[in-house]
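These notes concern the structure reproduced below.
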Amino acid sequence: MRAFTRAAALSLLAVTAACAQRAPAALEEIRARGALRVVTLNLPTCYYLGAQGSEGLEYELASAYAARLRVKLSMYTVADERAMQAELAAGRADIAAASLTNTAEWSRVGDAAAPYAHIPQLVVYPRSGVRPRDTLQLEAARIAVRAGSAQERILLRLKGTVAPALQWEETAPSSADPVEDVDSGEAQYAITDAREFSFAHHLYPKVLVGFALPEERPVQWIVRNLAPDLLASVDAFFRDLGASGRLAQLLQDSSGDTRRFAYEESREFQTHVADRLPRYRSWFEAAGAKWSLDWRLLAALGYQESKWDPHAESGVGALGVMMLTADTAQAMGIRDRANPEQSIFAGARYLAQVRDMIPERIAEPDRTWLTVAAYNVGFGHLEDARIITQGLGKNPDSWTDVRERLPLLAQERWYTHARRGYARGWEPVQFVDRIQRFLRLLEWQPGEGGPVPAGAAPAPIGATDVRASPLPAPPPAAPAVTRAATPGA
């Protein structure tokens, strides 16, 4: 009997091993499918739709990893972490990526990759309040923290170690950011990720950083269960990305602090978003749809021109929301520049016409920023700057390179050789910089591009129908722009 039992056990092990050998590994499944499925959240720190399409750190990382595997990226959003866990548990997603920290709940549905970053946890306070400087000062304060968040778990550990009298008020996961409670005066302090606050401080300019808690939060991807080869591949990807320096660059580039914004200007902008933009948003959206432009880009342009004031007027006679000259208004076929609807549609049409003059070979986002610069300074002057850029051995199709040379149009030794002559070349640089700032703030507004509704099939985002592109390579050699003499360097 014992021999029979032993033989049966060996037979069962052999069958199990054979089945395991026949079961395809996770990477093999992904490559056979031709797509990497990544579930995420619609947040500025993870994924959002910018003027040029999909953006956000997790989108950039997932795109790079899909390119490493030579498959397409199928990335989609759900409402919250619980919904992400359901996607991973059901096998509908290979990876969950949304600035996550491993917990017991995540361990039940997947395996955590090694952390790719550690994020400081900030104590923030109102500008009008007293700055906190250490953990013990929090014990007698009204603190806001999101229920069930990583920040609340950190507070629980602090309460059990260095601050036993620590208390806080939980903000429901579906409600506003706890930073808003500080901004509104409902809480003295809030605990927030440094990365999240790099975006939020533009929205709440009255809220400042007091200090960072002693514990940082690790962030990592969660890989579906029973996929050790995929987990090992993800860990190797982040090791290589970190060793190359690309990870640090991506972390910096995707931060909300990449564009500084003055406190007073930010506060004024947020006020106008609330009291002016709702009057004109439907026209910006309709004009954007008609001319294939992102409505937020149009709105940012309109704010830069007039602060969304239909009665605004410049010293040179430009008028209305989009600050159109009489000649431009006539060319665009409108009669009343003070009419905000007419002004917005005419401005959109003009921007689209300028865009169509920019060579189609120029990739985004360079094409958009060259278009916006030409909208400000004129297409001819932009071409002069591109010629100078090329003459100096730089790329005339790169906004970064052209941006540095536009101010040369105000220097005699350059503009005397330029076909269109003198231009105040620093103005389009400042113009584009400011529109980029306003555009970012519009993209970061709460509720923009929200998650997939409950019960709806998640739609793929980004490069789901084409092979994922690797991280950007250095710009190609500069192609010819036009033929005109340029002075030496």
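The values are calculated or read from the model by the stated rules, or taken from the named source; none is laboratory data. Just so you know, these numbers come straight off a predicted model, no measurement behind them. Quick reminder, even Gly has a Cβ in these numbers, built from the backbone with ideal geometry, and neighbours come from all protein chains shown. All accessible areas refer to the heavy atoms of the entire protein, side chains included, with ligands and DNA or RNA removed. Shrake-Rupley method; radii C 1.70, N 1.55, O 1.52, S 1.80 Å.
At a glance:
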quantity	calculated
Summed residue charge, Cβ within 12 Å of Ala26's Cβ, Lys/Arg positive, Asp/Glu negative	-1
Solvent exposure, largest accessible area first (probe 1.4 Å, DNA, RNA and ligands not counted), of Met357, Met75	Met357, Met75
Long-range amide H partners of Thr171 with built H, under 5 Å	Val145, Arg146, Ala147
Relative contact order computed over the stretch 185-316 (Cα-Cα under 8 Å; 6+ residues apart), in percent	24
Unit charges on C-beta of K, R, D, E only; dipole of the stretch 277-379, Debye	140
Neighbourhood net charge (14 Å Cβ-Cβ; Lys/Arg +1, Asp/Glu -1) for Trp221	-3
Share of Cα-Cα pairs in the stretch 355-439 lying beyond 19 Å, as whole percent	28
26 Å Cα-Cα reach of Lys206 towards lysines, excluding residues that sit fewer than 8 places from it in its own chain	Lys307
Computed E for Arg108/Ala194 - FRET, C-beta separation, R0 22 angstrom, nearest 0.05	0.15
Most to least accessible of Asp134, Asp356 (protein chains only, probe 1.4 Å)	Asp356, Asp134
Two-site FRET efficiency, Ala331 against Arg267, from Cβ-Cβ distance with R₀ of 41 Å, rounded to 0.05	0.65
Percent of Cα-Cα distances greater than 17 Å, calculated over the stretch 41-147	66
Computed label-point distance, nm, for sites Arg131 and Gln353 using a 7 Å Cα→Cβ extension	5.3
Normalised contact order of the stretch 354-432, rounded percent, pairs of Cα under 8 Å and 6 or more residues apart	29
Relative compactness, the stretch 303-365, computed as alpha-carbon Rg over 2.2 N^0.38 Å	1.20
Extension gain from Gln411 to Glu29, taking 0.36 nm per residue of separation minus the Cα-Cα distance	131.5 nm
Sequence-separation-based contact order of the stretch 27-170, relative, with Cα cut under 8 Å and 6+ spacing, percent	20
Per residue solvent-accessible surface (Å²) - the stretch 257-400, probe of 1.4 Å	44
Stretchable slack from Asp80 to Arg92, in nm (0.36 nm times residue separation minus alpha-carbon distance)	2.8 nm
Separation in nanometres of the label points that stand 7 Å from Cα toward Cβ, at Ala147 and Gln252	4.1
Asp240-Ser184 pseudo-label distance in nm [points 7 Å out on the Cα-to-Cβ vector]	4.8
